[in-house]
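The values are calculated or read from the model by the stated rules, or taken from the named source; none is laboratory data. These figures come from a predicted structure and were not determined experimentally. Cβ atoms come from the backbone with ideal geometry, glycine included; neighbour counts cover every protein chain shown. Surface areas here come from the heavy atoms of the whole protein model, side chains and all, with no ligands, DNA or RNA. Shrake-Rupley method; radii C 1.70, N 1.55, O 1.52, S 1.80 Å.
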Amino acid sequence: MKVLVVGPGGREHAMITSLLRDPNVSEVHAAPGNAGIAQDVPVHSLNAQDPGAVVALARELAADLVVVGPEAPLVAGVADALREAGIPVFGPSREAARIEGSKAFAKEVMAAANVPTARAVATTDLAEVREAFERFGAPHVVKDDGLAAGKGVVVTEDRDRAEAHARECLDAGGSVLVEEYLDGPEVSLFVLSDGTHVVPLLPAQDFKRVRDGDQGPNTGGMGAYTPLDWLPEGFTQEVVERVARPVVDELRRRGTPFTGVLYCGLAVTAQGVRVIEFNARFGDPETQSVLAMLETPLGSLLLDAAQGRLCEERELEWRPGASVTIVLAAKNYPGAPRTGDPVTGLDDAAAEPGVHVCHAGTVRNEAGEIVSAGGRVLTVVAHGADLREARERGYRGIRRIGLDGSHHRGDIALAAAEDRVGLPPARPAADGAPGSAEQPGQSAAEEQA
């Protein structure tokens, strides 16, 4: 089949890399792509949030499947337009994508589906924000209700800072969600859905904070790894039964079936699994690590989801070992990143055993050089026999790359490789409610984004 992948980043490059390994995929195109993607497949310049433009390109290419990578085109209704044109598409409708586009809507769906999550207050009133701070206590969690590319969340002990973030969101005409803080490590689980059936992929963990030790502001993600050997037995199936399937069932009941990948952002708390957030697409950079482990042909899997043919009994095949992904970010990221700097050493990095490089924010300038064009510039993806080897290979690869002023975290997957990821001791949920959780806690709920 011929596949068109819509999107410009590292997630899309990872999907394309995986699709090219599928013997059933004869051709892959990307729009708009980036400099690295353009080295692998034909790229097409277009506005990915223009449904008509995407449909026109898919028709021109005679695409058998369109895969929509980022959230913004989904919220803009690109998948709806493709379905109306009779073109198979992997990605939810505009209405179903509200599960990511509005955190308040996601909370409403979770309440209807009895999905365990943090208590929250959605509001446009600063007085109600302050009341929620009193009710939930510190650390304070404040989320911009709309799309914010993973950076619209503040988690802090500083009430003034939390209130300032809420005021900034409200002054911009938006609404906010104030949540209670969740303890325990964070987990990302991608669940494929054809609107009725659900098939989970490997759980992964990402690192949202910009600096080592989970310090500094939130980013779109600075690295990830899989598998998570520290998770309790049966974790994935529990998430499918208590979270993913109820949400997919609820959206179908509402007449807006979810076709695509439901990203379940989770905290493993003292009361058990709690949902932090949902996304309506693959996460970045977790996708790079998860797809590096997938041996089941990706194109056939996504087409089955797009055409309502997912089989829940199908056993996916995975490579042995582990995968670690490290993000190389531009100077000043996550603020106003500097762009236009030449990137060197890419071939040297890719020559390291078990390493490949996915481009995220790159373009080719008039001189033919690959230069930075965004905040997260590259992801170095490494596979090894275990996390220690994957980390060693990944960091050898990233040291081969030159980008003036760039930075990366040095502790991706370190705690897991050293067997230092701890789960909070189990205790009953407060009030016996499935959505309640006491606070505070430890570690990855800091990533409550």
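Here are a few things to note about the model shown:
- Members of the stretch 69-90 that are closer than 22 Å to Asn24 by Cβ, open to solvent by 10 Å² or more (accessible area, probe 1.4 Å) and in contact (Cβ under 8 Å) with a residue 24 or more places away in the chain: Ile87, Pro88
- Test: residue in the stretch 100-112 that is farther than 15 Å from Ile276 by Cα and either in contact with a helix residue (DSSP H, G or I) (Cβ under 9 Å, 6 or more places away or on another chain) or among the polar types (S, T, N, Q) (or both): yes
Yes or no, residue by residue, for (1) assigned to a helix (DSSP H, G or I); (2) of a type outside the set (S, T, N, Q); (3) surrounded by 19 or more Cβ atoms within 10 Å (Cβ to Cβ):
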site	(1), (2), (3)
Pro92	no, yes, yes
Lys107	yes, yes, yes
Ala122	no, yes, yes
Ala127	yes, yes, no
Ala132	yes, yes, yes
Arg161	yes, yes, no
Glu168	yes, yes, no
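- Any hit, the stretch 231-246, residues being surrounded by 20 or more Cβ atoms within 10 Å (Cβ to Cβ), more than 16 Å from Glu100 (Cβ to Cβ) and of a type in the set (Ser, Thr, Tyr): no
- Contact map, the stretch 125-153: residues that are at pLDDT 85 or above and of a type in the set (Gly, Ala, Ser) paired with residues that are open to solvent by less than 70 Å² (accessible area, probe 1.4 Å) and not in a helix (DSSP H, G or I), Cβ distance under 7 Å, separation 6+ or inter-chain. Pairs shown: Ala132/Val121; Ala132/Val178; Gly137/Gln439.
- Residue check, Glu250 surrounded by fewer than 22 Cβ atoms within 10 Å (Cβ to Cβ) and without any contact (Cβ under 8 Å) to a residue 24 or more places away in the chain: no
- Test: residue in the stretch 177-195 that is in contact with a helix residue (DSSP H, G or I) (Cβ under 9 Å, 6 or more places away or on another chain) and surrounded by fewer than 17 Cβ atoms within 10 Å (Cβ to Cβ): no
- Considering residues of the stretch 209-219 that are open to solvent by 10 Å² or more (accessible area, probe 1.4 Å) and not in a strand (DSSP E or B) only, the residue nearest to Val155 (Cα to Cα): Asp214
- Pairing each residue of the stretch 261-277 that is at negative phi and in a strand (DSSP E or B) with any residue that is basic (Lys, Arg) and at pLDDT 95 or above, provided the two are 6+ apart or on different chains, yields C-beta distances under 7 Å for Val261/Arg281; Tyr263/Arg281; Val273/Arg242.
- Output for the stretch 329-352, where each listed residue is of a type in the set (D, E, K, R) and touching a residue at least 12 places away in the same chain (Cβ under 8 Å): Lys331, Arg338, Asp341, Asp348, Glu352
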